[in-house]
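A short write-up of the structure that comes next.
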Amino acid sequence: MEFKNLLIETVDSVATLTVNRPKSLNALNSEVLGELECALYELDQDAGVKAVVLTGAGERAFVAGADIKEMAGMNAYEGHVFARKGQQVVLFMERMKKPVIAAVNGYALGGGLELALACDFIYASTKARVGFPEVTLGIMPGFGGTQNLARLIGPNRANEMIFTGRMLDADKACAWGIVNEVFPPEELLAKTRETAHVIAQVAPLGVSSAKDAVANGLNMSKEDGFRYEAALFGVLFATGDQREGMGAFVEKRQAAFQGK
Ligand code: CAA
C-alpha cells in the first residue's frame, strides 16, 4: 500500500519506517496516525520482515508531537477520540509480533515521545531532545505517555518531565533509562539497523514470545508473570525453530530459523 506521509524501505528482513512530514517536524495528525496503523499492521503480517526501525524524516525531528494545528480546533469529544486513535497505534506496537526499534534523530516531543516509548527500545542521536511539553499547551500527554513513561523510569522522574514540560538532551535521556544508547547523528540509522539485523537473524518466534512476555508480564503480578513466561517457554518446544536452534548448537553449525 502507498502512504502519503510514510516511507518504507526493507533491506535483508529489516524494514525502516519513516514518518515523512519534515515541514511540520513529522507531527502526527489523524491521517498520519491512520497510515501508521495500516503500515505497522502490514509490516507485522509480512513474512519478509523480521524487525522494524522507526524514525523521522529530515535532520531535525523524530516526531515533534501530535499536530497542534489539528488539535487547536477540537472539542472535548474530538480530543478524546484523537487520544484513543493515538493510543490504538501505541497499543498495536506493543502487541506486534515483530520488534520495533526507535531511532530518535532529533525532537521526540509529546506524541512523538509516546511513539518512541511504544517501541521495544530507543536509540538516539546526540541531537535528540525528548520531553512532554503538553502542559505548556494547556493539555497533558494523551497517547499513553503518563502510563508508559512512569512504568519505564518510575513516577518521580516521569512526574518531573510531565509537570515541567522541560526537554532532556540525549545524554540525560540515556542516564534516565529512556534511551539505550546515543550515537553521532550520521551513525544513528546504521547502528540501529545493525542491531535490527542481529535480531532478524535469531529465532523469530523466540523474539516475539519474549516481547509478549515482557510487555504483558509488566501488567501482571510477578508470580503470574512467571507462569505466563513458563507457558510461552513451553510452547516454543513445539516449534521447528527450537529443534533447529538446539540441533545446530549440538552439531556445531549455524542455525537456519524458519519462524515456525
Ligand atoms: N504540530 C504541528 N506543527 C508543528 C509541531 C506540532 N507538534 N511541531 C512543529 N510544527 C511545525 C511548526 O508549526 C512549523 O511550521 P510552520 O513553518 O508552518 O510554522 C514547523 O513545524 C517548524 O517548527 P518551528 O518553526 O517551531 O521550529 P523551531 O526550531 O523554532 O522549534 C520545536 C522546534 C521546539 C520542536 C517547536 O516546533 C515546538 O515546540 N513544537 C511543538 C512541540 C510540542 O508541543 N509537542 C507536543 C504536542 S501535544 C501532544 O503531542 C499531545 C499528545 O500527547 C498526544
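No value in this document is a laboratory result; all are computed from the given coordinates. In this text, all values refer to a predicted model and were calculated from it rather than measured experimentally. Note that we place each Cβ from the backbone using ideal geometry, even for glycine, and neighbour counts take in every protein chain shown.
Taking other C-beta atoms within 10 Å as the exposure proxy, V19, V104, V53 rank V53, V19, V104 from fewest upward. Remark: relative contact order (the chain) = 16 percent; criterion is Cα-Cα distance under 8 angstrom and separation of 6 or more residues. Can you check what the Kirkwood hydrodynamic radius comes to for the chain, Cα pairs only, in Å to one decimal? 19.0 Å is the Kirkwood radius here.
Note on the chain: Lys pairs 8 or more places apart or on different chains, Cα atoms under 19 Å apart, count 20. Per the Kirkwood formula on distinct C-alpha pairs, the Rh of region 203-250 is how many angstrom? It is 11.3 Å.
Ordering Y107, Y77, Y123, Y228 by the number of other Cβ atoms within 10 Å of each residue's own Cβ, fewest first, gives Y77, Y228, Y107, Y123.
How big is the charge dipole of the chain about its Cα centre, in debye rounded to the nearest 20, if each Lys and Arg gets +1 on its Cβ and each Asp and Glu gets -1 on its Cβ?
With Lys and Arg at +1 and Asp and Glu at -1, about 280 debye.
Its Cα centre serving as origin, region 100-215 has a Cβ charge dipole (Lys and Arg +1, Asp and Glu -1) of approximately 120 debye.
Considering only F226, Q87, C119, and ranking their Cα positions along the charge dipole of the chain that arises from unit charges at the beta-carbon of Lys, Arg, Asp and Glu, the one farthest toward the positive end is F226.
Sequence-distant contacts, meaning Cα pairs under 8 Å at least 6 residues apart, place the relative contact order of region 1-53 at 42 percent. Remark: D224, D67 ranked as D224, D67, counting other beta-carbon atoms within 10 Å and listing the fewest first. Sequentially through region 197-211, phi angles give Karplus couplings (6.51, -1.76, 1.60; θ = phi - 60°) of 5, 4, 5, 5, 8, 8, 5, x, 6, x, 5, 5, 5, 5, 4 Hz, Gly and Pro residues having no value and appearing as x.
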